[in-house]
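Enquirer: Handing you a structure now.
Rule-based calculations on the coordinates, nothing more; no lab input. Everything quoted here is computed from the prediction, not taken from an experiment. Here the Cβ positions follow ideal geometry from the backbone for every residue, glycine too, while neighbour counts run over all protein chains shown.
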Amino acid sequence: MQVIVAKDYDELSRWAAEAVAAQILEKPDSVLGLATGGTPLGMYRELKRMHQEGKLDLARVKTFNLDEYIGLPADHPESYHHYMQENFFRHVNLPADQAHVPDGTAGDLAVECQRYEEMIQAAGSIDLQVLGIGANGHIGFNEPGTEFGAVTHVLSLDPRTIKANARFFGSEDQVPRQAISMGIKTIMKSRKIILLASGTDKAEAIMRTVTGPVTVDMPASILQLHPNVTLLVDKAAAAFLKLDGGQMSVNC
Ligand code: GLP
């Protein structure tokens with residue numbers, strides 16, 4: 001696991017966008033795993049800029065988002081479908097039928113989970129997965145306690161996540177209680193992973209991800225067992241790490 005510390009959120013966002021762009025340059029038909037939340041917004045802004053400057057071609061790329069709230073239709077302003085459309089998809093040349101987000105309104109959610117997982121595997125699984133992290137260590141919506149062997153599944157949001165995401169909905173009452181998420185096993189099959197974290201709220205989760213025991217109580221700690229993970233964090237999120245010149249390599 002490699003940890004790289006950016007001086008601030010803008011630098012972090014630029015580095016994340018450069019990592020995605022480099023992946024696409026190297027393999028124009030890359031399969032990308034994408035994240036939502038506040039943290040990757042700067043990365044999507046940078047990617048949009050690169051595309052507008054003619055430096056990024058997504059015509060052959062396929063994308064799979066990590067998760068979606070259950071019960072929110074695609075046009076709901078807080079659905080992850082809507083987030084992706086507004087913040088990324090509609091600004092770039094990614095063909096609509098190559099961009100995938102789980103359907104949180106599916107009649108049969110178990111069938112939807114299976115369909116989504118099979119689509120990812122049929123695409124050859126993910127080349128580069130972009131992750132955020134919850135303050136409680138969740139990745140995707142895999143909350144503390146989620147078994148590491150899970151593939152795409154339905155889960156209940158942790159009270160801490162409901163509280164954190166209330167800022168997008170106006171109040172805690174309006175935050176959906178359940179979501180569909182890629183499982184930890186799905187995420188771990190990705191060939192390369194970058195995890196982005198910004199702000200002091202994430203400092204403890206980052207420290208436990210990097211140096212703590214691998215435990216379901218801190219879902220992101222499983223990343224210690226993946227062969228190709230880079231944590232891109234800003235100084236605030238790195239506050240509890242002992243760093244050597246802004247970089248740290250941990251042999252797990
Ligand atoms: C959300 C998403 C995660 C995201 C995390 C952190 O609930 N399901 O994919 O990484 O929480 O979000 P933020 O970047 O807004 O702190």
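Enquirer: Measuring from a point 7 Å past the Cα of Lys55 along Cα-to-C-beta, which residues in the stretch 3-22 have an amide N at less than 14 Å?
Expert: So the set is 11, 13-22.
Enquirer: Eight or more residues apart or on different chains, and alpha-carbon atoms under 25 Å: count the Lys pairs in the stretch 124-252 matching that.
Expert: 9
Enquirer: Right, something else. Using Cβ counts within 10 Å as a stand-in for footprinting exposure, how do Phe169, Phe88 rank, fewest first?
Expert: Phe169, Phe88
Enquirer: With n ≥ 4 as the cut-off for DSSP H runs, can you work out [θ] at 222 nm for the chain, using -39500 (n - 2.57) per run divided by the number of residues, rounded to the nearest 500?
Expert: Taking each H run of at least 4 residues, the total per residue is -9000 deg cm²/dmol.
Enquirer: Could I ask something else about it? Over all distinct alpha-carbon pairs, what is the Kirkwood Rh of the stretch 35-77 in angstrom?
Expert: Over the stretch 35-77, the inverse of the mean reciprocal pair distance is 12.6 Å.
Enquirer: So if I place +1 on the C-beta of Lys and Arg and -1 on the C-beta of Asp and Glu, and nothing else carries charge, what would the dipole magnitude of the stretch 86-228 be about its Cα centre? I want it in debye, nearest 20.
Expert: Dipole size: approximately 420 debye.
Enquirer: Separate question: Determine the equivalent ellipsoid of the stretch 98-227 by diagonalising the alpha-carbon gyration tensor, then write out the semi-axes as square roots of 5 times the eigenvalues, largest first, rounded to whole Å.
Expert: Value: 22, 21, 13 Å, ordered largest first.
Enquirer: Please quote Rg/Rh for the stretch 1-149 to two decimal places, taking the Kirkwood radius as Rh and restricting both calculations to Cα atoms.
Expert: Result: Rg/Rh = 0.95.
Enquirer: Could I ask something else about it? Of all alpha-carbon pairs in the chain, indicate the percentage at a distance above 21 angstrom.
Expert: 55 percent
Enquirer: So how long is each side of the stretch 65-127 along the principal axes, counting just the alpha-carbon atoms, biggest first, in Å?
Expert: Sorted from largest, the Cα extents of the stretch 65-127 read 29, 28, 16 Å.
Enquirer: Something else about it: Return the long-range amide H neighbours of Ala150 (sequence gap of 5 or more, or a different chain), with a cut-off of under 5 Å between placed amide H atoms.
Expert: Ile184, Lys185
Enquirer: Here is a follow-up. Could you list log10 I(q)/I(0) for the stretch 1-64 at q = 0.28 Å⁻¹, which the Debye formula gives when each Cα is one point scatterer?
Expert: Cα-only, vacuum Debye calculation for the stretch 1-64: -1.33.
Enquirer: Now for a different question. Compare the Cα positions of Asn87, Ala150, Ala16 along the charge dipole of the chain (+1 at Cβ of Lys, Arg; -1 at Cβ of Asp, Glu; about the Cα centre) and return the one farthest towards the positive end.
Expert: Value computed over the given set: Ala16.
Enquirer: Over every pair of different alpha-carbon atoms in the stretch 155-229, take the mean of 1/r and invert it; report that Kirkwood radius in Å.
Expert: Evaluated over the stretch 155-229, this radius sits at 14.1 Å.
Enquirer: Right, here's the next one. Select from Met182, Met119, Met218 the residue whose mean-square fluctuation is largest in a Gaussian network model of the chain (Cα-Cα springs shorter than 10 Å).
Expert: Met119
Enquirer: Something else about it: Normalised by the number of residues in the stretch 1-108, what is the relative contact order in percent for Cα pairs under 8 Å and 6+ residues apart?
Expert: 27 percent.
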